[in-house]
Amino acid sequence: MSDFILPFMGMIVIFMMYYFILNPINRRYKVTLNCILGKEIARRLYQEIHPKFVYKPYHEDDIHRQVILGSAVVEFKRLLNEDTITKSK
């Protein structure tokens, strides 16, 4: 019975270390990356409005964030075209 207690206690300690140390760090990391992603979306959209605006693009490695970035730009272009069609009527 005591042979199982030591590995079980070790697993509990590892889980607690993850939950109290690594999990908050991981959440802060995600918040920081989302902030950078939001700024990149804003810069790309501003460049759509003002083509003379030049900046160093941020290249996202995560496929999910690439999809978010691409879909935001596509939706903005669709809304921009829809707005110009409405104004011309």
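The values are calculated or read from the model by the stated rules, or taken from the named source; none is laboratory data. Everything numeric here is computed off the predicted structure, so don't read it as measured data. Cβ coordinates were reconstructed from backbone atoms using ideal geometry, including for glycine residues, and neighbour counts include every protein chain displayed.
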All positions within segment 16-57 that are among the aromatic types (F, W, Y) and in a helix (DSSP H, G or I): Y18, Y19, F20, Y29, Y46
Leading residue by the ranking (nearest to the chain's Cα centre (by Cα)) among those in segment 26-55 that are among the polar types (S, T, N, Q) and over 16 Å from G70 (Cα atoms): T32
Identity of the residue in segment 58-89, basic (K, R) and part of a helix (DSSP H, G or I), that ends up modelled with the lowest pLDDT: K87
Answer residue from segment 40-67, given it is surrounded by 15 or more Cβ atoms within 10 Å (Cβ to Cβ) and touching a helix residue (DSSP H, G or I) at 6+ places or on another chain (Cβ under 7 Å) and is farthest from D83 (Cα to Cα) among those: E60
Residue list for segment 61-84, filter: closer than 16 Å to Q47 by Cβ and of a type in the set (D, E, K, R): E75, K77
